[in-house]
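Enquirer: Handing you a structure now.
The values are calculated or read from the model by the stated rules, or taken from the named source; none is laboratory data. Only a predicted model underlies this, so the values are computations on that prediction, with no experimental measurement involved. Glycine also receives a Cβ, built like all others from the backbone with ideal geometry; neighbour counts cover every protein chain displayed.
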Amino acid sequence: MAKIKKKTVTRAKTKPKSKAKPKRIKHKNRRPRLGLYLLAAVITIVIMWGLIREPQDAPQDLQDMVAKEITERKESPPKESKTKADTGKTKTKAKTKTKVKDQPKAVTEEIAEPVIATVKPPVKPTPTPKAGETELDLAIRLAADKLGVPATAIRRKKTGDVIQYSVPVDRSLMDLTYANMIFKGELERSGAVLHSGTDDSNKQTLIFGQKGLPDKYHLVLHYDSSIYKSKANQQTITIVVDDFGAISPELLDGFLALDTQVCFAIFPDEKYSTLTMQKARSQGRETLIHVPMEPIGYPRIDPGKNAILLQHTEAQIKKTLTQFISDMPDCIGINNHMGSLATTDPDVMNSVMKTLKEHNKVFLDSRTTNVSVAYQIAQKSHIKAFRNDIFLDSPNINQSTMEAKLNRIIELSKSQNHVIAITHCHNRDKLVYLKAFISRLKKAGFTLIPLSEVGEYEVPEIL
């Protein structure tokens, strides 16, 4: 009996132990998983906060930002800048290897095009439809005005629920496709929907409708140059292609095949700088020295070797420019590469203009910032001066950019006698784009002229 009792006790003791073990294991496995989830959540929140928060010291106004940058740069010039200014040609060799690779960064500033807002014509009051007109009638009038079609040449006829417009287009100024694009854009902005269209070599018909309007609008665009013969065509444009000097001779030859009225802006101290100048001179083509100048964000953003910087003295600026002019004597003047900070500083620009005046050179303000003072100071210095109106290859070189830029040039030509445009020579795609752009400009009635023929030298009497 004693043996049986002992066995019973042993079983009773082992049973509870086997039940308790799984509970402890379960409890231990839960904790690390929960901790990992919490840690991942905290990290995600921190990353999202870092991405969406705004800079706390962002400037409220561009002019304030530029003024602050100028003050800081003049009060404590970067050590790197002093070395560059003091060592001159020695520093040049060290930067030569990286110039071509850094070029796309430089272009970013040049084609940012912040200046466009400053050259827009005065804002006109918003037009309203005349008596008996709908919004679509008004849109057609606005599009015709944009294209320079005389109001008296447009024919409107209503038959039942069809309103037909007949609009003559001058073949020498534009093609039907371009006119089509302008009319379509204005009508769609007014709520119209394009239902259908037909096209032949001399006529395009577009059929529009609008929700809630029973009438259908038939817009007939056709070639007829007779009504434009009495209208004088004085639309001129100058195109400057920046950043020559580093591209290969093969690509250079492609650009040399362009109209000789197209001006080349050449970096100094590059491998093919002299070759480019000499080849352009042999064609009778005008050239500029493309002078690197300090941008906002220097030295993080590098304008290139031998750049004109804010902390440079008048003597240093004169020495740099005089050397450039001596090395590239056939260039008729200079334009700035980058320079969104340098061209806002009156002291720097006064020093630049003094040297240019001594050498009888012209100045083109590339206008990489809309608060540049360079053009005004050049005028006060009685230097022949010009300013860029538009960058042709910004933000890219696709078809929609070309249409938008061409439309902008046409708009500008209504409020000023001449347009100056800048583009770049970095690759063959840009060459193809520029060739097509020039062809479109000629079809739109623009005549290419060299920079020296632009009558932009206008010093106000008050000066």
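Enquirer: Can you tell me which of K279, K357, K380, K384 is surrounded by fewer than 23 Cβ atoms within 10 Å (Cβ to Cβ), in contact (Cβ under 8 Å) with a residue 40 or more places away in the chain and out of contact with any strand residue (DSSP E or B) (no Cβ under 7 Å at 6 or more places or on another chain)?
Expert: Numbers: K279 fails: in contact (Cβ under 8 Å) with a residue 40 or more places away in the chain; K357 fails: in contact (Cβ under 8 Å) with a residue 40 or more places away in the chain; K384 fails: out of contact with any strand residue (DSSP E or B) (no Cβ under 7 Å at 6 or more places or on another chain).
Of the residues listed, the single one that is surrounded by fewer than 23 Cβ atoms within 10 Å (Cβ to Cβ), in contact (Cβ under 8 Å) with a residue 40 or more places away in the chain and out of contact with any strand residue (DSSP E or B) (no Cβ under 7 Å at 6 or more places or on another chain) is K380.
Enquirer: Which numbered condition in (1) among the hydroxyl-bearing types (S, T, Y); (2) loosely packed, with under 12 Cβ neighbours inside 10 Å; (3) not in a strand (DSSP E or B) is the only one that T198 fails?
Expert: So the condition that T198 fails would be (3).
Enquirer: Sticking with this one: Can you tell me which of (1) part of a helix (DSSP H, G or I); (2) polar (S, T, N, Q); (3) farther than 30 Å from D259 by Cα is the one S326 doesn't meet?
Expert: In the conditions (1) part of a helix (DSSP H, G or I); (2) polar (S, T, N, Q); (3) farther than 30 Å from D259 by Cα, S326 misses (3) alone.
Here is a yes/no grid of residues against (1) assigned by TED's automatic domain parsing to the domain that holds D175; (2) charged (D, E, K, R); (3) surrounded by 13 or more Cβ atoms within 10 Å (Cβ to Cβ):
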{"residue": "S415", "(1), (2), (3)": "no, no, no"}
{"residue": "H424", "(1), (2), (3)": "no, no, yes"}
{"residue": "R428", "(1), (2), (3)": "no, yes, yes"}
{"residue": "Y433", "(1), (2), (3)": "no, no, yes"}
{"residue": "I438", "(1), (2), (3)": "no, no, yes"}
{"residue": "G445", "(1), (2), (3)": "no, no, yes"}
{"residue": "I449", "(1), (2), (3)": "no, no, yes"}
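Enquirer: Would you confirm whether any residue within segment 267-284 is at pLDDT 95 or above, of a type in the set (A, V, I, L, M), over 25 Å from K442 (Cβ atoms) and touching an Asp or Glu at 6+ places or on another chain (Cβ under 8 Å)?
Expert: Checked against the condition, which is being at pLDDT 95 or above, of a type in the set (A, V, I, L, M), over 25 Å from K442 (Cβ atoms) and touching an Asp or Glu at 6+ places or on another chain (Cβ under 8 Å), segment 267-284 yields at least one hit.
Enquirer: Does at least one position in segment 402-413 carry a residue that is hydroxyl-bearing (S, T, Y) and surrounded by fewer than 20 Cβ atoms within 10 Å (Cβ to Cβ)?
Expert: Applying the first criterion (hydroxyl-bearing (S, T, Y)) to segment 402-413 yields 413.
Right, trim to surrounded by fewer than 20 Cβ atoms within 10 Å (Cβ to Cβ) and you get none.
No, every residue in segment 402-413 fails to be hydroxyl-bearing (S, T, Y) and surrounded by fewer than 20 Cβ atoms within 10 Å (Cβ to Cβ).
Enquirer: Since G297 meets every condition but one in (1) at pLDDT 95 or above; (2) part of a loop (DSSP other than H, G, I, E, B); (3) under 22 Å from S340 (Cα atoms); (4) not basic (K, R), which condition does it not meet?
Expert: With (1) at pLDDT 95 or above; (2) part of a loop (DSSP other than H, G, I, E, B); (3) under 22 Å from S340 (Cα atoms); (4) not basic (K, R) applied to G297, the lone miss is (1).
Enquirer: Would you confirm, using the coordinates I've provided, whether I289 is outside any helix (DSSP H, G or I) and over 24 Å from V241 (Cβ atoms)?
Expert: Details: outside any helix (DSSP H, G or I): yes; over 24 Å from V241 (Cβ atoms): no.
The answer is no for I289.
Yes or no, residue by residue, for (1) surrounded by fewer than 16 Cβ atoms within 10 Å (Cβ to Cβ); (2) more than 20 Å from A246 (Cβ to Cβ); (3) among the β-branched types (V, I, T):
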{"residue": "H312", "(1), (2), (3)": "no, yes, no"}
{"residue": "T322", "(1), (2), (3)": "yes, yes, yes"}
{"residue": "D327", "(1), (2), (3)": "yes, no, no"}
{"residue": "I332", "(1), (2), (3)": "no, yes, yes"}
{"residue": "S351", "(1), (2), (3)": "no, yes, no"}
